[in-house]
Amino acid sequence: MVIGAGQAGLSAAFHLRRAGLEPDRDFVVLDHAPRPGGAWQFRWPSLTYGKVHGMHALPGMELTGADPARPSSEVIGGYFDSYEQTFDLRVHRPVDVTAVREGEGGRLLVETSEGDYATRALVNATGTWDRPFWPRYPGQETFRGRQLHTAGYPGPAGFAGKRVLVVGGGASGTQHLMEIADVAAETFWVTRREPVFREGPFGEMEGRAAVALVEERVRRGLPPQSVVSVTGLPLNDAIRAARARGVLDRLPMFDRITPTGVAWDDGRSVDVDVILWATGFRAAIDHLAPLRLREPGGGIRVEGTRAVRDERVHLVGYGPSASTIGANRAGRAAVSDIRRLLRHGPAAAPAAVVTV
């Protein structure tokens, strides 16, 4: 069974198909989103395809001829839709997975909104979009303005004439800030750490080193950080221009939130109309809780893609594979491991059967 039909889930489904397994007979793909596109379908309209950094094609089918001025949600959503149809992946949606627990006969029991499934192996590709991270600060509930997260970012138009505070030093935070600065009355940027801007090329060697840092955390059973968090921000022309305009003049993290804005313990304060939390996401893995896969450090310890505590469970798009190219590789690796696992079981038993 594959849970999730974003980049990682579709990659796994493709490799299952290529291995000779038949959708809805030997494996099932479940997705809770209303349509194809993974998390991309929820991206804000101003994130056009030309602004997308590092989008790698799914295995077996290139994305060609896309208009860079079209919203990425439309371009990539359409691409995923065509991919599912081309390879006949038969994704079930919208389906919510509520829990995965130990079943009978060595199978896992997957409880879903369309019934229960019993499966000999599970590829979990649920990503992070459904778990936006909202930090908590004293006074947060007293703020009289608007608070929203990247997950609900509508584009810059809704911030026209407002005083806006953007929290977060990642790629989304800087993208939001640069867009909003063109229409807002005033913008402020706060981050926990001094942002690191990366100059020069970022080649394969640098990429491998970044992935290795994230991979080490996962091996130790710690919650994964994103690959982007250890690479720094690319210093491109848009970033240079924003820095020259003062848009990316960073303030240290505030100490508390007031009814009208934020304040620091040294006496500084700013009044704002909107606080935009560009503070990232956490892995959406609560449905796996009954399997007790988490380590004391709070994460799931993974070797390759396999959960160390249960060889039947593979996590793709998790930790070091939480990038489009990493998700492709993880999907292939997970299927390779699962095929070895299934060879040790009853040859006639399908990989996933419905038990509604």
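The values are calculated or read from the model by the stated rules, or taken from the named source; none is laboratory data. A quick note: this is a predicted structure, and the numbers were derived from the prediction, not measured. Here the Cβ positions follow ideal geometry from the backbone for every residue, glycine too, while neighbour counts run over all protein chains shown.
Brief remarks follow.
- When the stretch 297-323 is filtered for residues that are closer than 12 Å to Val218 by Cα and either over 19 Å from the mean Cα position of the chain (by Cα) or assigned to a strand (DSSP E or B) (or both), the ones remaining, listed by number, are Gly297, Ile300, Val302, Glu303, Arg306, Ala307, Val308, Leu315.
- Asp67 being touching a helix residue (DSSP H, G or I) at 6+ places or on another chain (Cβ under 9 Å), surrounded by fewer than 19 Cβ atoms within 10 Å (Cβ to Cβ) and without any contact (Cβ under 8 Å) to a residue 24 or more places away in the chain: yes
- Taken over the stretch 237-254, the residue count meeting the criterion of being more than 14 Å from Thr191 (Cβ to Cβ) and part of a loop (DSSP other than H, G, I, E, B) is 1.
- When Ala151, Ala99, Ala125 are checked against the criterion of being buried (at least 23 other Cβ atoms within 10 Å of the Cβ), of a type in the set (A, V, I, L, M, F, W, C) and closer than 30 Å to Ser11 by Cβ, a single residue qualifies: Ala125.
- Among (1) without any contact (Cβ under 8 Å) to a residue 60 or more places away in the chain; (2) surrounded by fewer than 22 Cβ atoms within 10 Å (Cβ to Cβ), the one test that Gly106 misses: (1)
- Beta carbons closer than 8 Å, at least 6 apart along the sequence or on distinct chains, pair a first residue in the stretch 39-50 that is touching a residue at least 40 places away in the same chain (Cβ under 8 Å) and assigned by TED's automatic domain parsing to the domain that holds Gly317 with a second that is part of a helix (DSSP H, G or I) and charged (D, E, K, R) for Ser46/Glu179.
- Set side by side, the residues Val75, Val95 differ, and just one is over 23 Å from Ala307 (Cβ atoms) and either assigned to a helix (DSSP H, G or I) or in contact (Cβ under 8 Å) with a residue 60 or more places away in the chain (or both), which is Val75.
- Considering residues of the stretch 219-242 that are modelled with pLDDT under 75 and within 16 Å of Gly317 (Cβ to Cβ) only, the residue nearest to the chain's Cα centre (by Cα): Ser226
- Sole exception among (1) over 22 Å from the mean Cα position of the chain (by Cα); (2) over 30 Å from Gln7 (Cα atoms) for Ala157, by number: (2)
- Condition met for Ser321 (under 27 Å from His176 (Cα atoms), out of contact with any Phe, Trp or Tyr (no Cβ under 8 Å at 6 or more places or on another chain) and free of Cβ contacts under 8 Å to residues at least 40 places away in the same chain): no
- Qualifying position, being assigned by TED's automatic domain parsing to the domain that holds Ala322, within 28 Å of Asn236 (Cα to Cα) and either outside any loop (DSSP other than H, G, I, E, B) or at pLDDT below 95 (or both), among Pro68, Pro59: Pro68
- Of the residues Arg339, Arg245, Arg312, Arg282, the single one that is farther than 30 Å from Met61 by Cα, of a type outside the set (A, V, I, L, M) and modelled with pLDDT of 90 or more is Arg245.
- Under the condition of being under 12 Å from Ser73 (Cβ atoms) and either hydrophobic (A, V, I, L, M, F, W, C) or not in a helix (DSSP H, G or I) (or both), the residues counted in the stretch 1-47 number 12.
- The stretch 255-267, residues that are more than 16 Å from Arg163 (Cα to Cα) and assigned to a strand (DSSP E or B): Arg256
- Residues in the stretch 286-306 that are modelled with pLDDT of 95 or more and of a type in the set (A, V, I, L, M, F, W, C): Leu288, Ala289, Leu291, Leu293.
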